[in-house]
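Throughout, read-outs are computed from the coordinates displayed, never taken from laboratory work. In this text the structure is predicted, and so the values were computed from the model without any measurement. With ideal geometry, Cβ positions are generated from the backbone for all residues, glycine too; neighbour counts draw on all protein chains shown.
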Amino acid sequence: MAPDEPTVPNNVALAEWHQSRIDQFAFRLTFRTEDIQIRGDIAIERWSSDSELEPREGGPIVEDSSKGVWIWERQPDGSWKLLWSIWSSDLPA
């Protein structure tokens, strides 16, 4: 659930959404886990980040700070899979 955009409906659309950003920008990201709570096979992670997005076609670098929540689900093999992701930017809309 990206800020100021419709919800991405499925994994194929999500991959396309991410690829379009990768095609447009070079990224420098720093993520920090602020809190994580595990409840059985569900984990809730609250995070913050700082980012620099450099347009591949040229132009000014966009700097941003964000915060969000990731919901993880433990898989039968013990690994974790991202189930939901929501975040917002600290930049004005």
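Worth a mention:
- Short-range pairs are left out: with C-alpha atoms under 8 Å and at least six residues apart, the relative contact order of the chain is 24 percent.
- Only DSSP H runs of four or more residues enter the estimate; each adds -39500 (n - 2.57), and after division by the residues of the chain the mean residue ellipticity at 222 nm equals -5000 deg cm²/dmol.
- Of Ser51, Ser66, Ser20, the one that fluctuates the most in a GNM where the chain has Cα springs shorter than 10 Å: Ser20
- Residue-span extension gain [Ala13 to Ser49] - 0.36 nm each, minus C-alpha spacing: 10.6 nm
- The GNM of the chain, with springs linking C-alpha atoms under 10 angstrom apart, assigns the highest mean-square fluctuation among Ala26, Ala43, Ala15 to Ala15.
- For the chain, convex hull volume per residue from C-alpha positions, Å³: 118
- Separation in nanometres of the label points that stand 7 Å from Cα toward Cβ, at Ile61 and Arg39: 4.0
- For Val8, nonlocal amide neighbours, meaning residues 5 or more places apart or on other chains whose placed amide H falls under 5 Å from its own, are Ala2.
- Considering only Arg21, Arg39, Arg74, the mean-square fluctuation computed in a Gaussian network model of the chain, springs between alpha carbons under 10 angstrom, is largest for Arg39.
- Spacing of the modelled spin labels on Ile22 and Met1, each 7 Å from Cα toward Cβ, amounts to 2.5 nm.
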